[in-house]
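To start, the structure itself, in structure tokens.
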Amino acid sequence: MLKIKHYAFSRTGFTLLELLVVISIFVIAAGISWGAFRTLSPSWRLAGLVRDIVTDIRYAQQQTVTEQIGYGVYFSTNTNEYWIVRHGETDEILRKKPLPQDITFSEIVGLSSNEVIFNPYGAVKEAGSVSLINASGKKETIEIRPSGFVRIEAD
């Protein structure tokens, strides 16, 4: 009996149909991700801004303790920005930082001049809180305690 050998050709690569299925899965996943990103982006921007403000408040506190000269952070509700201020013989604005257009100050409580001012020991002259709100209504509050401890409260 004579045996015939069959040589099978191995198939390599993808068919056009397989390639289109993979591409469509990626497009659908990207669409879902983009929608979630657009929904969460305002909250992330608010949280990032609040962390930046807390960092600047702590910077002012550290500079006060280091230099034994009063520093503070002033919140301007009229211009929607905040300033880092050095209170020496004359007041000097070190930095002005505007808030993004979709974030505003919601309320400032306990700070008579809308400013957190530190004494040479790192404590604040007036304790209080600063609340910010974004366009979608999410609110975060920075609480400044009498000892100078600063913390974030999310609503």
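Answer with yes or no whether E140 is touching a residue at least 60 places away in the same chain (Cβ under 8 Å) and either under 17 Å from D56 (Cα atoms) or hydrophobic (A, V, I, L, M, F, W, C) (or both).
yes
Restricting attention to the stretch 70-91, does a residue exist that is part of a helix (DSSP H, G or I) and among the hydrophobic types (A, V, I, L, M, F, W, C)? Don't jump to the end; show me each part of the working.
Let us first name the residues in the stretch 70-91 that are part of a helix (DSSP H, G or I), namely none.
So far as the stretch 70-91 goes, no, none of its residues is part of a helix (DSSP H, G or I) and among the hydrophobic types (A, V, I, L, M, F, W, C).
Name the residue that is surrounded by the most Cβ atoms within 10 Å (Cβ to Cβ), counting only residues in the stretch 113-137 that are of a type outside the set (S, T, N, Q) and modelled with pLDDT under 90.
Taking the stretch 113-137 as the starting set, the residues that turn out to be of a type outside the set (S, T, N, Q) are 115-118, 120-128, 130, 132-133, 135, 137.
Subset that is modelled with pLDDT under 90: 135, 137.
Numbers: A135: 13, G137: 8.
In this case the residue turns out to be A135.
In the stretch 39-57, how many residues are surrounded by 15 or more Cβ atoms within 10 Å (Cβ to Cβ) and among the charged types (D, E, K, R)?
Adding up the residues that qualify gives 2.
Identify all residues within the stretch 111-128 that are free of Cβ contacts under 8 Å to residues at least 24 places away in the same chain, part of a loop (DSSP other than H, G, I, E, B) and either on the phi > 0 side of the Ramachandran plot or not hydroxyl-bearing (S, T, Y) (or both); write none if there are none.
We begin by selecting, within the stretch 111-128, every residue free of Cβ contacts under 8 Å to residues at least 24 places away in the same chain; these are 112, 125-128.
With part of a loop (DSSP other than H, G, I, E, B) added as a condition, the list becomes 112, 125-127.
Once the filter is applied, which keeps residues that are free of Cβ contacts under 8 Å to residues at least 24 places away in the same chain, part of a loop (DSSP other than H, G, I, E, B) and either on the phi > 0 side of the Ramachandran plot or not hydroxyl-bearing (S, T, Y) (or both), the stretch 111-128 yields K125, E126, A127.
Only one of F14, F26 is at pLDDT below 85 and of a type outside the set (S, T, Y). Can you tell me which? Lay out the reasoning, then the answer.
Values: F26 fails: at pLDDT below 85.
Within the list F14, F26, the selection yields F14.
Give me the pairs, please: first residue somewhere in the stretch 144-155 and at pLDDT 90 or above, second residue anywhere and small (G, A, S) and outside any loop (DSSP other than H, G, I, E, B), beta-carbon distance under 8 Å, and either six or more positions apart or on two chains.
Once the first residue is at pLDDT 90 or above and sits in the stretch 144-155, its partners that are small (G, A, S) and outside any loop (DSSP other than H, G, I, E, B) give I144/G128; I144/S129.
Select, from V109, V50, V65, the only residue that is within 13 Å of the chain's Cα centre (by Cα) and of a type outside the set (K, R). Before the answer, list the steps.
Values: V109 fails: within 13 Å of the chain's Cα centre (by Cα); V65 fails: within 13 Å of the chain's Cα centre (by Cα).
One residue alone meets the criteria, V50.
The values are calculated or read from the model by the stated rules, or taken from the named source; none is laboratory data. Source: prediction; values computed, not measured. Counting neighbours? That spans all protein chains shown, and the Cβs are built from the backbone with ideal geometry, glycine included.
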